[in-house]
Amino acid sequence: MKQLNAGFTKLTKNDSSLLEGANQLSVASLSLRNGASSLVSGASQFTGGIGSAASGIQSLKSGADSLKSGSSELTDGLKKLDDGAAELKDGTAEFKDKTSDIDQQIDDEIDEMFDKISGSDYTPVSFVSADNKDIGLVQFAIRTDDIKK
């Protein structure tokens, strides 16, 4: 019992130190609890951020796939445009070749049509008086009944 009494005496002498240590432990455990709560909250936010990042990566992949598809369509369209431009160039060259002497072609066609209408061996009869030498306009002779005075 002596030892028990001695131990109790030591305990009561260090009672204030023990109380101060218990108070410090209480404050520290509160800080630890707040820190743990902050850690849980941060971990939750981190997990949410990882989910958002994964969603963003999926959107990026989808956008990259659309870009690839659109690039392929653009390449096809540019090839068609190039082919069409080459065809236009050829057609324009042909148009130029066939119309470079269009004035002469029109004159020849008019002469040919005139020959068909009038006959190439036809010589028109002039009703103009031989005395009338300076003829500048088309003149017509109209035959009518005699004019009586």
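Roughly how many Å² is the accessible area per residue of the chain, as a whole number, for a 1.4 Å probe? Before the final figure, lay out the partial values.
Values: 14250 Å² over 149 residues.
That works out to 96 Å² for each residue.
The lysines whose alpha-carbon is closer than 26 Å to the alpha-carbon of K89, local same-chain residues fewer than 8 away aside, are K79, K80, K98.
What is the percent carbon and sulfur in the accessible area of the chain, measuring with a 1.4 Å probe over the protein chains and ignoring ligands? Numbers along the way, then the final one.
Values: 8460 of 14250 Å².
Reported share for carbon and sulfur atoms: 59 percent.
Once mean projected area of the Cα convex hull in nm² is calculated for the structure shown, the corresponding label among (1) 12.1; (2) 9.1; (3) 32.7 turns out to be (3).
The values are calculated or read from the model by the stated rules, or taken from the named source; none is laboratory data. Keep in mind the model is a prediction, meaning the values are calculated, not measured. The area values use the complete protein model at the heavy-atom level, side chains included, leaving out ligands, DNA and RNA. Shrake-Rupley method; radii C 1.70, N 1.55, O 1.52, S 1.80 Å.
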